Amino acid sequence: MTSPGPRRSPEVGRLGRLRASLSNISLLLAVAGGVALVGGAILFLWVPDIRQFAITLMALAGVFLLLALVSSYAVVRAAVVGRRGRYTTNTFVMITTLLGIVILVNFIAFRNSIRMDTTATRQFTLADQTIKVLAGLKEPIRATAFFVPDQPDHAVLKTQADDLLYEFRRRSQGMFSYRYIDPEKEPGFAKQYEVTTFPAVTFEATDSGKKFTVPAPPVTEQFFTSALLIITGTKQKTIYFLDGHKERNINDVTEGSEGLGFAARKLIQDNYQIRTLTLKQTGKIPEDTAVLVIAGPKSDFLGEEREPLFNYLRDGGRALFLLDPDTPQRFRDLIAEWGIQLGEGFIVDQGSSVSGDPRTPVVQRIQYTESTQITRPLDATFFPGVTKVDLMDSVKESIEKKDPLPIEYLPMAVSSFDSWFTRDPERNLFNASLGDKRGPVAIAMALIAAAPLNEEPGSSPAQQRQPASIVIFGDSDFATNKYFSAYSNGDFFVNAVNWLAEDFNLISLRPKEIVFRELIVTKREFNFIRYSSWFLLPIAVLLLGVMSWWRRR
């Protein structure tokens, strides 16, 4: 006969049920606390308007978790102290340490950010000119950007503007700040800044109160930099382009054309006024002329036009000549007064030229001289159908004899050692017997003249104020719309104008136009790209798998 087991007292049963109830309650408290903690953290990070509620929710979660810990202290202690608990604790410590390291690295990276531009045209890198302008700010500048966030087209432009404005602030040494205004929610700001069309960005000099608004689109570095130049009080100078002799057209902005519209637009972005000058009508060169540009004349000037041109240069004027092998004779005679002889032929360069065209020399960085600031920031440039800019024989003799001259000659760019000058319009083989002259030869030259070559310095009272500055190129094609944006061609032209106008702080590499790059392929190439992306990579992975399986056998 089997004796019955010990009977459980009612107190023991009630205690067991109480423990089970506490265990269930602690589990509910732990789950509720965990959910409240995660939810509060999400609200705190992503919904700033109700952060106070999120903090209260996380505090309540802490209370729930603490109550769960107290009510199940023995279970938690056994789980932590036991063998399995020690493994869990070690794992938790390792994960926490790893997360701490990741957070620390991200914090350091955030406080010391490094941005890299991997685009081919350095699209997201500020140009040297912009960096110089930002570094030279004398008073605080604030940009107010008016964008409507709910409109998709505004959102795209706002992203572009934010990239630029962030870089401006980062490079300004604390002198530039920006903010965003929704003109629909805060119309008073738009009225205050007299902005009626959106989106737009208003630049304001906070001390002087000067304002300038840049409409968007486009959102480009060029327009933002121009706005900075305008509101910082940079005096606007006037550049005159000589007209009336079939010169290059500055109003032609057609892509790929032979006009100078792109060049004129760049000068406007550098805060210059651009005007044309017809000497047959005015009879004189205006007193406000900062630089006179003579760009590719095809017909000669009249006899009465010579005197104002000559007097302007003799009295300390500043002129940029873009000449060609077929330049008319009176223009040649004009620069000859300053000891320059323009070639009547072409430079052939087999050592450095555009592929397949030795009559389009490419000037590499080592082919620039350090005689002026104009060429120091430049990369390669090229000159289609260029002729030489040479010194007259009498000047060469005076230099050899070390005789004093009233003119300082500064060659800026030369052809390579494997080049020559020829009068033949077609032959690309050197032949000394036919009059070819070995290079290098000058492609562009600057000069500073106290007087014309055959005059004594000081013979004109105006020369006592300042010497004349002249820049001469043996080509005008390089600055046309067709080639202006290629390499550093446009920078070479605009830098020359900056140097003549004595705006030395503007001499630099300028922001590049944002280029739309389209891949054009034939039907065969398209099919190869399509089918190789579908099948080539999967087949390669399959073959690697088969090879690995075979080796393991």
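Some observations on this one:
- Qualifying residues in region 149-169 (those that are surrounded by fewer than 17 Cβ atoms within 10 Å (Cβ to Cβ) and over 18 Å from A227 (Cα atoms)) - the one modelled with the highest pLDDT: T159
- Residues of region 66-96 that turn out to be modelled with pLDDT of 80 or more and touching a helix residue (DSSP H, G or I) at 6+ places or on another chain (Cβ under 7 Å), as a count: 1
- Scanning region 240-291 for residues that are of a type in the set (K, R) and in contact (Cβ under 8 Å) with a residue 40 or more places away in the chain yields K246, R248, K266.
- Annotation note: Cβ proximity below 6 Å between a residue of region 135-163 that is not assigned by TED's automatic domain parsing to the domain that holds K185 and a residue that is surrounded by 15 or more Cβ atoms within 10 Å (Cβ to Cβ) and of a type in the set (S, T, N, Q) (sequence gap 6+ or interchain) occurs for no pair.
- Scanning region 133-148 for residues that are out of contact with any Lys or Arg (no Cβ under 8 Å at 6 or more places or on another chain) and surrounded by 15 or more Cβ atoms within 10 Å (Cβ to Cβ) yields V133, L137, I141, F146, V148.
- Residues of region 397-413 include none that is in contact (Cβ under 8 Å) with a residue 60 or more places away in the chain, within 36 Å of the chain's Cα centre (by Cα) and farther than 26 Å from Q466 by Cβ.
- Where strands (runs of 3 or more DSSP E) fall wholly inside region 378-479, the ranges with 2 or more residues that are in contact with a Leu (Cβ under 9 Å, 6 or more places away or on another chain) and within 15 Å of D324 (Cα to Cα) are 389-391, 442-449, 468-473.
- Scan of region 470-504 for residues that are hydrophobic (A, V, I, L, M, F, W, C) and in contact with an Asp or Glu (Cβ under 7 Å, 6 or more places away or on another chain), ordered by number: V494
- Test result for S26, closer than 25 Å to T89 by Cβ, out of contact with any Asp or Glu (no Cβ under 8 Å at 6 or more places or on another chain) and at pLDDT below 80: yes
- Those strands (runs of 3 or more DSSP E) of region 298-370 in which 2 or more residues are crowded, with 21+ Cβ neighbours inside 10 Å and under 36 Å from the mean Cα position of the chain (by Cα) occupy 318-322, 346-349, 357-363.
The values are calculated or read from the model by the stated rules, or taken from the named source; none is laboratory data. The shown structure was predicted, so the numbers you read here are calculated from the model rather than taken from an experiment. Cβ atoms come from the backbone with ideal geometry, glycine included; neighbour counts cover every protein chain shown.
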